[in-house]
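*Asks:* Could you have a look at this structure, given as structure tokens, before my questions?
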Amino acid sequence: MTTVEQRFTFDEIGDLYDRYRPGYPEALFEDLLSLSGISPSDRILEIGCGTGQATLPFAQRGYTMSCLEPGPRLASIARGNLAEFSDIGVVCETFEAWPCELSAFGLVFSAQAFHWLPPELRFTKSAEALRPGGSLAVIGNAVVVNRTPHGDAGGSLGEALDDAYARYAPSIQGPPVTRWYAEEGPIPELFSASACFGAVVARRYPWSYHYNTSDYLGLMKTHSDHRLLPAEQRGRLHEAIGQALEGSGGGIEVFYEANLYVAKRAA
């Protein structure tokens, strides 16, 4: 399955995605608004809005937004979640198929979706959509792997989770794909290589969340690498993960780092 096709697996589990996917610290949005230099009259373009987790903080601040979401189910849930905000429009469209509105936006941003975009369009089309002086922001949560690949505190639970993956899904062992957004990831270099933007400002926001067993398994069901496993294999893996969590107190504390990258369009 190609990367383009893989991103559409989320639409199959839109309700789970809306319920279990983590959000972002409020401080990230405050810094984003300050660093981007956006004005209250500027329009915002969001690429890959999902069910609106990162859309809501802007909507609550009164911004006018156009939100692209290629999944029909996800787009429908986002419209419901944002129904009270008349200045928010959700369009069921891929970024590559979207007819670009040239120089129309003060801010283009993407939360946890930028890695799915075609590399040849990520930066160039974003820059075309921005007004002079407008900014592109890339947001992503990354599991903190200096604890364990699962982002927990390690110990017997970490060992049990490692064993579950080794036995039932060795193909998805190792650092999570979300490390693409982390400090050691490629985003600053990709900004620079595009020649479309100025210097990148990066900010990190450590946070954590305690999942009970049911919620953690719900979260795992939204991960694309889990979604792509054959159903029987996925079921065995999730059963083993559930047993590991129940044997360790019935839950898991996952440590995240929310990452923000902001750069202004080159003159």
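*Asks:* Just checking, which of VAL138, VAL143 is modelled with pLDDT of 95 or more and either crowded, with 18+ Cβ neighbours inside 10 Å or charged (D, E, K, R) (or both)? Spell out how you get there, then give the answer.
*Replies:* Numbers: VAL143 fails: modelled with pLDDT of 95 or more.
None of the other options fit; the residue is VAL138.
Condition check ((1) among the small types (Gly, Ala, Ser); (2) closer than 22 Å to TYR209 by Cβ; (3) in contact (Cβ under 8 Å) with a residue 24 or more places away in the chain) across all residues:
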site	(1), (2), (3)
ILE38	no, no, yes
ILE47	no, no, yes
GLY52	yes, yes, yes
PRO57	no, yes, yes
ILE77	no, yes, yes
GLU84	no, no, no
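*Asks:* Filter segment 47-83 for residues that are over 16 Å from the mean Cα position of the chain (by Cα) and among the polar types (S, T, N, Q); which is surrounded by the fewest Cβ atoms within 10 Å (Cβ to Cβ)?
*Replies:* GLN60
*Asks:* Take segment 90-112 and flag every residue that is closer than 29 Å to GLU257 by Cα and out of contact with any Leu (no Cβ under 9 Å at 6 or more places or on another chain).
*Replies:* Listed by number, the residues that qualify are ALA111, GLN112.
*Asks:* Mind checking whether some residue in segment 196-210 is assigned to a helix (DSSP H, G or I) and either surrounded by 16 or more Cβ atoms within 10 Å (Cβ to Cβ) or at pLDDT below 95 (or both)? Don't jump to the end; show me each part of the working.
*Replies:* Taking segment 196-210 and keeping what is assigned to a helix (DSSP H, G or I), we get none.
So far as segment 196-210 goes, no, none of its residues is assigned to a helix (DSSP H, G or I) and either surrounded by 16 or more Cβ atoms within 10 Å (Cβ to Cβ) or at pLDDT below 95 (or both).
*Asks:* Hey, another quick one. Answer yes if at least one residue in segment 84-93 is assigned to a strand (DSSP E or B), surrounded by fewer than 19 Cβ atoms within 10 Å (Cβ to Cβ) and of a type in the set (A, V, I, L, M, F, W, C), and no otherwise. If you could, list the steps in order and put the result at the bottom.
*Replies:* Of all residues in segment 84-93, those assigned to a strand (DSSP E or B) come to 88-91.
Next, from what is left, pick out any that are surrounded by fewer than 19 Cβ atoms within 10 Å (Cβ to Cβ): 89, 91.
Of the ones still in play, those that are also of a type in the set (A, V, I, L, M, F, W, C) are 91.
Looking for residues that are assigned to a strand (DSSP E or B), surrounded by fewer than 19 Cβ atoms within 10 Å (Cβ to Cβ) and of a type in the set (A, V, I, L, M, F, W, C), one finds at least one in segment 84-93, hence yes.
*Asks:* Hey, among the residues in segment 26-41 that are touching a strand residue (DSSP E or B) at 6+ places or on another chain (Cβ under 6 Å) and within 13 Å of LEU136 (Cα to Cα), which one's surrounded by the fewest Cβ atoms within 10 Å (Cβ to Cβ)?
*Replies:* Ranking the qualifying residues of segment 26-41, first place goes to LEU35.
*Asks:* Something else now. Output the number of the condition that GLY23 fails; it satisfies all remaining conditions of (1) modelled with pLDDT under 95; (2) out of contact with any helix residue (DSSP H, G or I) (no Cβ under 9 Å at 6 or more places or on another chain).
*Replies:* Tallying (1) modelled with pLDDT under 95; (2) out of contact with any helix residue (DSSP H, G or I) (no Cβ under 9 Å at 6 or more places or on another chain), GLY23 fails exactly one: (2).
*Asks:* Scan segment 227-267 for residues that are among the aliphatic types (A, V, I, L, M) and in contact with a helix residue (DSSP H, G or I) (Cβ under 6 Å, 6 or more places away or on another chain) and report the count. Even if it seems obvious, please write down each step before you answer.
*Replies:* To start, the set of residues in segment 227-267 that are among the aliphatic types (A, V, I, L, M) comprises 228-229, 231, 237, 240-241, 244-245, 252, 254, 258, 260, 262-263, 266-267.
This time we only want the ones that are in contact with a helix residue (DSSP H, G or I) (Cβ under 6 Å, 6 or more places away or on another chain), so: 237, 240-241, 244-245, 252, 258, 260, 262-263.
Of the residues in that region, 10 qualify.
*Asks:* I need every pair where a residue in segment 177-191 that is closer than 19 Å to PRO206 by Cα has its Cβ under 9 Å from the Cβ of a residue that is assigned to a loop (DSSP other than H, G, I, E, B) and of a type in the set (S, T, N, Q), sequence separation at least 6 or different chains.
*Replies:* What qualifies is THR178/GLN112; TYR181/GLN112.
*Asks:* Is it the case that GLY134 is of a type outside the set (A, V, I, L, M, F, W, C) and closer than 17 Å to GLN53 by Cα?
*Replies:* Values: of a type outside the set (A, V, I, L, M, F, W, C): yes; closer than 17 Å to GLN53 by Cα: no.
When the stated conditions are applied, GLY134 does not pass them.
*Asks:* Of all residues being small (Gly, Ala, Ser) and in contact (Cβ under 8 Å) with a residue 12 or more places away in the chain in segment 218-240, which is nearest to VAL177 (Cα to Cα)? Just the residue, please.
*Replies:* Let us first name the residues in segment 218-240 that are small (Gly, Ala, Ser), namely 218, 224, 231, 235, 240.
Okay, now just the ones that are also in contact (Cβ under 8 Å) with a residue 12 or more places away in the chain, so 218, 224, 240.
Numbers: GLY218: 18, SER224: 10, ALA240: 22 Å.
Among them, the one singled out is SER224.
*Asks:* Moving on to the next point. Scanning segment 32-46 for residues that are over 21 Å from PHE123 (Cβ atoms) and outside any loop (DSSP other than H, G, I, E, B), which turns out farthest from the chain's Cα centre (by Cα)? Spell out how you get there, then give the answer.
*Replies:* The initial filter retains those residues of segment 32-46 that are over 21 Å from PHE123 (Cβ atoms), namely 33-34, 39-41.
After this cut, where a residue has to be outside any loop (DSSP other than H, G, I, E, B) as well, the list is 33-34.
On the way: LEU33: 18, SER34: 21 Å.
Of everything passing the filter in segment 32-46, SER34 is farthest from the chain's Cα centre (by Cα).
The values are calculated or read from the model by the stated rules, or taken from the named source; none is laboratory data. Just so it is clear, the structure is predicted and the values come from calculations on it, not from any experiment. FYI the Cβ positions are ideal-geometry reconstructions off the backbone, even for glycines, and counts take in every protein chain you see.
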